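Comments concern the structure below.
Laboratory data are not the source of any read-out in this text; all were calculated from the coordinates shown. Predicted model, so just to flag it, every value in this text is computed and none were measured. When we count neighbours, we look across all protein chains shown, and the Cβ atoms used for this are built from the backbone with ideal geometry, even at glycine.
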């Protein structure tokens, strides 16, 4: 009797499972595949939160990228960041920290574009503010065509457009340059 009850119970469970599977298969057949589960955009290969990425290049320069979120698009070789901070440590020990609302890293060229409330701070406290900048890795150059404010303990300089060369250690403001002593 126990064997018959067990067999009947197993057959009933299997029948129930097959029935539910058939109902789901028939019901989902009419639902488009994209509507079933939409976690990420079709163009995004990977998305992560609380990102910290470090790389030491063959030139001895070290990158540290920290962001609230990052999305990687493999076909385009792009990493897109939200609330991004890029810390560049030059081989001579100088440090530049760039912050912004959004950032894009081209994983092949290593060029970085940062937009929205962009700031650069050097290890000695010099600050640069703008709303968009581009770091060109091959030239080791940071540039923008937007309004810029540069500040340190003694002077505040504003202008439109800037080129900062990391190897030559020069900063050039391109137009509408004004300077004021801060008197600190």
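Just a few scattered comments:
- Of 167, 101, the sequence from fewest to most neighbouring Cβ atoms within 10 angstrom is 167, 101.
- Relative contact order [Cα under 8 Å, 6+ residues apart], the stretch 46-181, whole percent: 13 percent
- Extended-chain gain in nm, criterion 0.36 nm per residue less alpha-carbon gap, residue 97 and residue 117: 5.9 nm
- If the segment from residue 87 to residue 171 were pulled out straight at 0.36 nm per residue, it would be longer than the present Cα-Cα gap by 28.4 nm.
- Rg over Rh [alpha-carbon atoms, Kirkwood Rh] for the stretch 46-181: 0.97
- Residue exposure sequence - 96, 81 - by fewest surrounding Cβ within 10 Å: 96, 81
- Separation of alpha-carbon centers, the stretch 141-160 and the stretch 98-136, rounded to whole Å: 13 Å
- Across all directions, the average flat footprint of the convex hull enclosing the Cα atoms of the stretch 105-184 is 5.5 nm².
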